[in-house]
Amino acid sequence: MNKEFFDALEMLEKENNIDGEVLIDKIKSGIVKAIKKDYPYSENIRVDIDPRTGKFDMKLLKEVMDVMYVDDPDNEIYIEEAKTFDPNVKVGDMVEIPLNPAKFGRVAAQNAKQSIKHDIKDFERARLIEQYHDKEHECVSATVQKVEPATLNAVLTIDKNEVYLVRNEQIPGETLKAGDIIKVYVVGIANPDRKPSIKISRTHRELVKRLFELEVPEIADGTVEVKAISRVAGARSKIAVYSKDPNVDAVGACIGPRKSRITSVVNELKGEKIDVINWCEDPADFIAKALAPAEVINVELSEEEGVRECRVTVPNNQLSLAIGNKGQNAKLAAGLTGYKIDIVAENAAPAEEKAETAEEEADEN
């Protein structure tokens with residue numbers, strides 16, 4: 001029986017990647033709880049487990065008394081009875097009374113099993129949280145193990161842990177295959193107090209920032225700062241950067257020699273287009289830059305009830321470019337600057353003014 005127990009213990013250790021001593025402590029705790037079910041008033045219970053010697057036994061400890069009818073039979077024992085367990089025992093000693101695991105019965109054994117399982121889950125939860133605590137909000141490499149055909153959710157491996165990348169957190173249009181090595185953004189740990197799971201994403205806008213940090217030394221060392229990011233995953237991103245060193249071109253640093261740096265980021269994001277612009281303090285100037293590649297004639301700012309808005313005038317032939325396909329360019333610029341943007345063509349303003357004048361004249365008449 002002991003051999004079977006230690007074989008099972010070794011397998012449990014490997015399957016759960018738990019240190020042997022820690023696992024033994026968990027098992028001891030589970031067995032003690034099971035013994036308590038049968039001996040609820042016993043104060044001293046000892047469980048010994050030693051894989052090196054193959055020792056596995058459990059005992060109740062009782063104080064040896066010199067009276068036949070002890071006051072607390074759960075924790076005390078008459079000396080003559082105690083001598084059947086240890087002939088050399090004396091009054092006041094603690095005598096060890098062996099327990100036979102087979103006598104626990106199926107219910108007690110099941111309680112021990114459930115308790116051990118619960119303790120192992122607690123340990124795994126704590127280990128997972130500790131392991132990923134430093135990886136939160138970071139970009140990490142992951143290997144695709146498989147993609148579920150029905151849901152297209154992908155099972156990835158990160159530091160020997162299996163993590164789910166659900167379909168709506170994958171870049172639209174990308175097709176993952178087993179063996180692919182990809183970059184993912186660790187959003188955080190969900191349900192840390194119950195059943196924790198690592199939430200990862202390839203659509204999160206912060207992934208773009210982390211990828212640039214990996215490719216651009218000037219961002220990694222703090223010379224160039226990423227001020228804002230706006231993203232439509234799989235289609236386009238806009239990133240605003242600022243150089244603390246006047247001698248360093250922030251946009252040029254991000255693009256890299258022969259576009260090598262930005263190309264690496266684009267390739268990782270499966271061809272997603274990326275606009276890199278210079279951040280500036282002046283909101284009107286920043287909004288104009290954010291609407292690139294469209295040309296901007298004028299920006300009028302306003303703020304009512306905490307809502308920041310602006311009216312942007314562009315050349316007649318630039319209106320579609322400024323708005324972008326399905327409003328994408330305007331949407332990204334709004335996300336980058338924090339302003340609600342209304343874009344009008346250059347000839348729209350006089351027409352509106354004429355309309356307002358006509359309305360005024362009509363009112364007068």
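The values are calculated or read from the model by the stated rules, or taken from the named source; none is laboratory data. All values derive from a computational prediction rather than experimental measurement. Here the Cβ is made from the backbone with ideal geometry for all residues, glycine too, and neighbour counts use every protein chain on show. Keep in mind that these areas ignore ligands, DNA and RNA; they rest on the heavy atoms of the full protein, side chains included. Shrake-Rupley method; radii C 1.70, N 1.55, O 1.52, S 1.80 Å.
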Failed condition for Ala82, given (1) within 24 Å of Phe6 (Cα to Cα); (2) at pLDDT 80 or above: (1)
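Would you check if Thr223 is closer than 30 Å to Arg167 by Cα, out of contact with any helix residue (DSSP H, G or I) (no Cβ under 7 Å at 6 or more places or on another chain), without any contact (Cβ under 8 Å) to a residue 40 or more places away in the chain and open to solvent by less than 70 Å² (accessible area, probe 1.4 Å)?
Considered against the rule, which asks whether it is closer than 30 Å to Arg167 by Cα, out of contact with any helix residue (DSSP H, G or I) (no Cβ under 7 Å at 6 or more places or on another chain), without any contact (Cβ under 8 Å) to a residue 40 or more places away in the chain and open to solvent by less than 70 Å² (accessible area, probe 1.4 Å), Thr223 comes out as no.
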Extreme residue, nearest to the chain's Cα centre (by Cα), among residues of region 102-135 that are at pLDDT 75 or above and surrounded by fewer than 14 Cβ atoms within 10 Å (Cβ to Cβ): His133
Selected residue [over 28 Å from Leu165 (Cβ atoms) and of a type in the set (D, E, K, R)] from Glu218, Glu213: Glu218
Failed item in (1) within 40 Å of the chain's Cα centre (by Cα); (2) open to solvent by 30 Å² or more (accessible area, probe 1.4 Å); (3) of a type outside the set (A, V, I, L, M), with Glu76 passing the rest: (1)
Pair list, Cβ under 6 Å, 6 or more apart: region 323-345 residue touching a residue at least 12 places away in the same chain (Cβ under 8 Å), other residue open to solvent by 40 Å² or more (accessible area, probe 1.4 Å) and charged (D, E, K, R): Tyr339/Arg308; Lys340/Glu309; Asp342/Arg311
Matching option when the condition is assigned to a loop (DSSP other than H, G, I, E, B) and either over 30 Å from Lys160 (Cβ atoms) or modelled with pLDDT of 85 or more (or both), among Val32, Val47, Val91: Val91
Odd one out for Gln145, checked against (1) modelled with pLDDT of 95 or more; (2) part of a loop (DSSP other than H, G, I, E, B); (3) exposed (fewer than 15 other Cβ atoms within 10 Å of the Cβ): (2)
Pairs, first among the charged types (D, E, K, R) in region 129-149, second open to solvent by less than 60 Å² (accessible area, probe 1.4 Å), C-beta under 6 Å, six or more apart: Lys135/Val186; Glu136/Val186; Glu136/Gly188; Glu138/Val186; Lys146/Val155
Region 149-173, subset at pLDDT below 95 and among the acidic types (Asp, Glu), residue nearest to Ala190 (Cα to Cα): Glu162
